[in-house]
Structures are given as structure tokens and as C-alpha cells.
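The values are calculated or read from the model by the stated rules, or taken from the named source; none is laboratory data. Quick caveat: nothing in here was measured; it's all calculated off a predicted structure. Methodologically, a virtual Cβ is constructed for each residue, glycine included, from the backbone with ideal geometry; neighbour enumeration extends over all protein chains shown.
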């Protein structure tokens, strides 16, 4: 039987504790989870105002349709959250319409309607890009940048107006610097195994992706209705609360917040966690904190600490806006992303009120503006010193310009 320590009480740390508990006491004797914050959840934090308007401080939805997506739904079912879920099906406007900013105008990204008809900012119909992808020979490269991969297989326009902004939206990073193998492993493997991303995607049936989770009624419902994403009735904070409660109710676990760890030491097959001057001995330790926060805890192991500090990370500012009435109107959709070469100071904007009107206040429009990422320091300097007023002003100007 093992005593386990977990650093970080966000979704990763709490999920780690939850799944370790499922192994049973014959393997896991006790779990100690430590988080330096005042509240569990990490980046997942939800604020709900008296009028019902709900704002997420970080992630706002969970995807469905992939193996990890179905696993998240399976977890929600196990936590008795099925009746709390707000889904977005493939027929919902936000699932159908995603925008990209091009020449200071919003354009819908290619979909089935543009299969044989070209739409700006693209000079060709979607079928021609698909044909190029299918007929392009696979590369022998061990890895390449995400931008290079998309440009090689689908052409410059797809790389510029799909790949570049997509990477900014998912990672807040630069597509020319991100590893294809690490960022989009399924696409990378599809080319290696099938010679084409499109062929690879069609080779795997939806039922195979969801198969191991179909004993869940919730997963079956999501599968049959083709959910694209989902949240909970009072925001994703519900998922955090349910996870923490489940771990604590099972017993033999300590979930401790406001716990500042100062060092980790490995001695005689054990791990010593020094937290708030207290020495906690465990058999195994799992870290779910950022690498730059883990590195200082390992000063006794300089090579490991140096490697951890060498992993780059970026800062993103989120600005939440609420307007009276519906200001999105004909642009109803998930939101838009801005390519790095466009004249825009934002990464993109999410139209929250379109995705989940159930979380709106009274006849309001909720928006989230994403700013910075890989370009934060060169645009605004030190993230810790940037003026909130500056970020708010940028966001409001962006709304006025694009919406």
C-alpha cells in the first residue's frame, strides 16, 4: 500500500486523486493533495452574479467527440452530474459557425457549405484543399512545426487563416514554433500511418472512439446527439466541487489548500515534501503544477530543475465583458480568432452568450476577450505590471471594431 502526494488542486490534480482512489486501499493507503491557492480548481474558477450572469475565469467548455472528451463525460456521469449538463449539439449555431478575422472583417471558417463554393478569405473551395491534402505525399520528418505541416499538406492559405489562429486559440502560441508531434499527435500519426490526415480521420469510426465508455447513458446520449461541447448549469466550477467532494467522501485523503510547498527531496525510496515548514513523507508524488513552479522545489537536483525551467510558457489575459441586449446578432457563433499577422491586439474573442444563453443575465451579451499569449511581453511588457485599464480598453475597442 502506498501513500501518495499530489501537488496542485486544479482539474489535473483532483482527477489524479479521483482515479487513484478507484484503485482501492489495497494499492493506495492514503492521499495528500496540496494546493497553494485559497480555492481548488486551478484555472477553472466560476463567478455567478445575482442576475444569473455566469463568467468563467479560465476554461469554459469541455469538448466531446474524442476519446478524452468521452472520458470527461464518463467522469461527469460517475460524479452524478448528468442532470446538470448543458450540451451544444452539432446543429447549434455555435457548433456550425466559427469566425476568423481577415482584413479587419469576420469571415466564417470553411464548412460543408463551402465544399464546392469558395468563401473569403480563401481563394479556393474547400474540396480543393482536401484534394491537395489527400494527394500530398507523407513526410519522413521526425517532427516539424504545426505551421509547416499545414502549409505542406494543405497550402499557405489554410496555414495562415486556419492553422495560425487555431494555435493561438488553443495554446496562445505561435504555430511556427509549436511541435506538430506534440500539439496535434492524432494528425501527426494519421499522416505517418495512412499517408493523409483526411484518410486517417475516416479510417477510425466514431463508435470505436467512444466504445469503452458506451456503458454510460450520458456518453450514449452525447454520442447519439453528436455533442460538440458542454458545460454545467452554474459553470465548470461545479465539476471541481464534485471532484473534491467525491475524493473526500471516500476517505483516506487530505485535500489541503493554502499550502505553500518549498522543496521536494528523494531519500531512501521515499519523497519528502516540505510544505509550510511541515515534512510530509510519501511513497510517490504526482505534480500537476506548471513546470516553472515545480523547478524551484527541486533545487537539490539542479539538472532536473534547469530542464523544467527551460520549458517555455506564456501568459494570457482574459477580459470579460457584458453588454445590454444582443450585440452579436448576425455574427452569432462560437466566436472568432485573429491570425498573428492581422492588425489586432487580441488572440480572439468568445461569444459566451451565444454558446450558453442559459448562463446569461437579463437580455445581455457576454463576451470573453483573449489577449497576449506568445506576444504578451512584446506588446505589453511584464504581465504582472500591465494595467487592467489598458486591457479593458483594448477589449472594448476590439468589440467596437469587429462586432
Return the total of residues in region 92-104 being out of contact with any helix residue (DSSP H, G or I) (no Cβ under 8 Å at 6 or more places or on another chain) and either free of Cβ contacts under 8 Å to residues at least 12 places away in the same chain or over 27 Å from residue 226 (Cα atoms) (or both). 1
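Among the residues in region 3-25, are any at pLDDT below 95 and part of a helix (DSSP H, G or I)? Talk me through it step by step, then tell me what you get.
Within region 3-25, the first condition is being at pLDDT below 95, and the residues that meet it are 21-25.
Cutting the leftovers down to part of a helix (DSSP H, G or I) gives us 21.
Yes, because at least one residue in region 3-25 is at pLDDT below 95 and part of a helix (DSSP H, G or I).
In the set 311, 289, which member is closer than 25 Å to residue 172 by Cα and exposed (fewer than 14 other Cβ atoms within 10 Å of the Cβ)? Walk me through it before giving the result.
On the way: 289 fails: exposed (fewer than 14 other Cβ atoms within 10 Å of the Cβ).
Sole residue among the options that is closer than 25 Å to residue 172 by Cα and exposed (fewer than 14 other Cβ atoms within 10 Å of the Cβ): 311.
With region 263-366 as the region, which helices (runs of 4 or more DSSP H) entirely inside it contain at least 2 residues that are closer than 30 Å to residue 389 by Cα?
It comes to 291-294, 352-355.
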Is it the case, given these coordinates, that residue 247 is within 22 Å of residue 17 (Cβ to Cβ) and not in a helix (DSSP H, G or I)? no
Anything in region 236-286 that is touching a strand residue (DSSP E or B) at 6+ places or on another chain (Cβ under 9 Å) and at positive phi? List them, or say none. 252, 276, 277
Could you say whether any residue in region 347-356 is in contact with a helix residue (DSSP H, G or I) (Cβ under 8 Å, 6 or more places away or on another chain), surrounded by fewer than 19 Cβ atoms within 10 Å (Cβ to Cβ) and touching a residue at least 12 places away in the same chain (Cβ under 8 Å)? no
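Filter the helices (runs of 4 or more DSSP H) completely within region 76-154 down to those with at least 2 residues that are modelled with pLDDT under 90 and under 20 Å from the mean Cα position of the chain (by Cα). It would help to see each step written out before you state the result.
Working: elements: 93-96, 126-135, 146-154.
Those helices (runs of 4 or more DSSP H) span 93-96.
Which one of these is touching a residue at least 12 places away in the same chain (Cβ under 8 Å) and within 30 Å of residue 29 (Cα to Cα): 258, 215?
258
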It is to be established whether one or more residues within region 172-195 are under 20 Å from residue 65 (Cβ atoms) and part of a loop (DSSP other than H, G, I, E, B). yes
